[in-house]
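Encoded as structure tokens, the structure appears first; notes follow it.
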Amino acid sequence: MKLKDLLPSKLGFGSAPLGNMFRQIPDAEALETVETAWESGIRYFDTAPFYGAGLAEMRLGEALSRFPREDYVISTKVGHLILDEVEEKTNQSTQDTRDIFKYGRPNKVVHDYSYDATMRSIEGSLKRLNTDRIEIVWVHDVAQDFYGDQWLGIFESARKGAFVALDKLRDEGVLQAWGLGVNRVEPIELLLELEEPRPDGLLLAGRYSLLDHSKALQRVIPQICERGLGIVAGGPYSSGALVGGPNFEYAPAPESILQKVAKIKAIGEKYGVSNKAIGLQFVLANPAVAAVIPGASKPSRIKEDIEALETDIPKALWQELRQEHLVDDSAPLPTGK
């Protein structure tokens, strides 16, 4: 099934912050955030075992349990298997050393993309989400940003294991769709070159955003469109940099990015439009994008996202961004008014 037919709306909910990303989030605040998303009409929720070692899945499952299951779509991920045992973190992965989820659960995380681990991971997710089914499963982080020079070996393990398992589950009707959930375009290029796996779509985080989209446009989006696949765009605010935060790619934003953000903000202020509105509407203007899933840890963030999508942006703003070389020449732009 094509992602655009499966996903109920263009705006989804990214649950990484619910795993206590960067900070301790009270349970009540996490639940209220999901409830606000629901009240705002959001019906697509993305999560992963890796987000707080299962914490995001558990919170999301608790919040959604009060709503009819047939009314929403869930995607989760495989590759990071959460164990019951607790272990002091040593020999940490690249993501862990950035302390992204240091406030999450202390459970041991095993990086395993085998067939059996994929099945076990989905079983664990079903329990944590308190649900009887998951519509979409993404193979998580098979890229250089997470595994460094070992990433090609990890990808090969996923090809022989997770891809086979997910093809089978999708064909049996257990899942409705699967694909990669990554922060880089290179694994998508590899996947599209293979004949055996038959993915239904891709979750690309951070690589199709206002601040970083040229490589995706050049190297993968044309092939994705040719195959009728869709993209779920994660990280539309580039770890917060686009909307005034200090981080880009989970690390302090370099000066070049901060300057680009300032230029976009200056143009936006001229037309009375926020960077958040510009960023969200830019991403959704690409016909390959089936949905965008900004993360949120506060109810107010959901309301801001809705307002950003509903903002009228003049055509002149998009033209000025193009003239100032702040968007790629080949990037589709909203029509504006």
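The values are calculated or read from the model by the stated rules, or taken from the named source; none is laboratory data. All values reported here derive from a predicted model rather than from experimental measurement. Here the Cβ is made from the backbone with ideal geometry for all residues, glycine too, and neighbour counts use every protein chain on show. Accessible surface areas use protein heavy atoms only, side chains included; no ligands, DNA or RNA. Shrake-Rupley method; radii C 1.70, N 1.55, O 1.52, S 1.80 Å.
Points worth noting:
- For the stretch 66-94, taking the residues that are among the small types (Gly, Ala, Ser) and at pLDDT 95 or above, the one that is farthest from SER125 (Cα to Cα) is identified as GLY79.
- Matching residues, the stretch 16-40, being closer than 12 Å to ALA63 by Cα and either in contact with a Cys (Cβ under 7 Å, 6 or more places away or on another chain) or open to solvent by less than 10 Å² (accessible area, probe 1.4 Å) (or both): LEU18, ALA30, THR33, VAL34, ALA37
- Restricted to the stretch 95-107, and to residues there that are outside any loop (DSSP other than H, G, I, E, B) and open to solvent by less than 50 Å² (accessible area, probe 1.4 Å), the residue that is modelled with the lowest pLDDT is GLN95.
- Only a single criterion out of (1) open to solvent by less than 40 Å² (accessible area, probe 1.4 Å); (2) out of contact with any Leu (no Cβ under 6 Å at 6 or more places or on another chain); (3) closer than 18 Å to ILE278 by Cα is not satisfied by SER238, namely (2).
- For the stretch 43-63, a residue qualifies if it is touching a strand residue (DSSP E or B) at 6+ places or on another chain (Cβ under 7 Å), surrounded by fewer than 22 Cβ atoms within 10 Å (Cβ to Cβ) and within 15 Å of ASP132 (Cα to Cα), but none of them does.
- HIS140 meets each of the listed conditions (1) buried (at least 18 other Cβ atoms within 10 Å of the Cβ); (2) more than 24 Å from GLN218 (Cα to Cα) apart from (2).
- Counting only residues that are surrounded by fewer than 21 Cβ atoms within 10 Å (Cβ to Cβ), of a type in the set (Ser, Thr, Tyr) and either under 14 Å from VAL78 (Cα atoms) or without any contact (Cβ under 8 Å) to a residue 24 or more places away in the chain (or both), the stretch 113-131 holds 2 of them.
To keep it simple, each residue is scored yes or no on (1) open to solvent by 60 Å² or more (accessible area, probe 1.4 Å); (2) over 21 Å from GLY161 (Cα atoms).
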residue: VAL182; (1), (2): no, no
residue: GLU186; (1), (2): no, no
residue: GLU196; (1), (2): yes, no
residue: SER209; (1), (2): no, yes
residue: LEU229; (1), (2): no, yes
residue: GLY244; (1), (2): yes, yes
residue: GLU255; (1), (2): yes, yes
residue: GLN259; (1), (2): yes, yes
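- Single match in ILE74, ILE25 (criterion: under 18 Å from the mean Cα position of the chain (by Cα) and touching a residue at least 60 places away in the same chain (Cβ under 8 Å)): ILE74
- Selection from the stretch 232-245 of residues that are without any contact (Cβ under 8 Å) to a residue 40 or more places away in the chain and either part of a strand (DSSP E or B) or not small (Gly, Ala, Ser) (or both): LEU242, VAL243
- For the stretch 42-60, a residue qualifies if it is touching a Ser or Thr at 6+ places or on another chain (Cβ under 7 Å) and touching a residue at least 40 places away in the same chain (Cβ under 8 Å), and the qualifying residues are ILE42, TYR44, ASP46, THR47, ALA48, PRO49, TYR51, ALA56, GLU57, LEU60.
Yes/no per residue for (1) over 27 Å from ILE42 (Cβ atoms); (2) open to solvent by 50 Å² or more (accessible area, probe 1.4 Å); (3) in contact (Cβ under 8 Å) with a residue 24 or more places away in the chain; (4) of a type in the set (A, V, I, L, M):
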residue	(1), (2), (3), (4)
ASN247	no, no, no, no
ALA262	yes, yes, no, yes
PRO294	no, no, yes, no
PRO299	no, no, yes, no
ILE306	no, no, yes, yes
